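Since the structure comes first, as structure tokens, the remarks are kept for the end.
Read-outs throughout are calculated quantities, based only on the coordinates presented, and are distinct from any laboratory measurement. These numbers come from a predicted model, not from an experiment. All Cβ positions, glycine included, derive from the backbone under ideal geometry; neighbour counts span all protein chains shown.
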Amino acid sequence: MSSKYNQMLDYTRNHFIKLARENRFPENGKISHDKDMCLVCHPELIEGNVPLFFFDLILDCIAERRPKIDEDLLTAIKEELTMQELDDDIDLEKLKQNDPEAFQKWRMWAWSAVNTAFEMLSLHSASTPYLQLEDTFSENEIEAKLKQLFEKQRSNTAK
């Protein structure tokens, strides 16, 4: 990788992490930034697997916005379950302990969060591709990435 490409990677990641931290991801396409340095604006310059680049960027942003398993995350999960008209009974301690039922409810939230972020990114620029988990990645790839996010959140959670 060239020095310029590494600068673009850092710029892109930092820009989107900042948007996630400020909860401005939904308006990402309207926020002023250096479009020449943004790999989301220029996916043709991404080295390697472009969809995987976007997936990893989104996971980094989700981890920034929801870094640990806490009441805020629990509220977000319950909201997602309610929107899907599913049972929103989930226990924080069971989620922290990786209870299978609690994890499945977290997984539904995470899947929806990633797909929503893909939709938001697709509006970033005319050249940004529209992606969805189920159309772009294998089940094994998705499960591995979501498990990494979950374990990251668990590791950031006070015991």
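For the reader, a short list of remarks on this structure follows.
- Tilt relative to the chain, helix 71-83 - C-alpha long axis, 0 to 90 degrees, to 10: 90
- The simple Förster model, with R0 at 30 Å and r as the Cβ-Cβ distance, assigns Ile17 and Glu101 a FRET efficiency of 0.45.
- Stretch gain in nm, segment Ser32-Glu139, where the contour uses 0.36 nm per residue and the Cα spacing is subtracted: 35.0 nm
- Straight-line reach from Lys145: taking Cα to Cα under 24 Å and skipping same-chain neighbours fewer than 8 places apart, the lysines in range are Lys18, Lys68, Lys78, Lys94, Lys96, Lys105, Lys159.
- Nearest-ten-degree value, helix 139-155 long axis tilted from longest Cα axis of the chain: 70
- Remark: the Glu119-Asp87 segment gains 9.0 nm on full extension, using 0.36 nm per residue and subtracting the alpha carbon distance.
- Cα long-axis angle, helix 3-21 against the chain (0 to 90 degrees, to the nearest 10): 40
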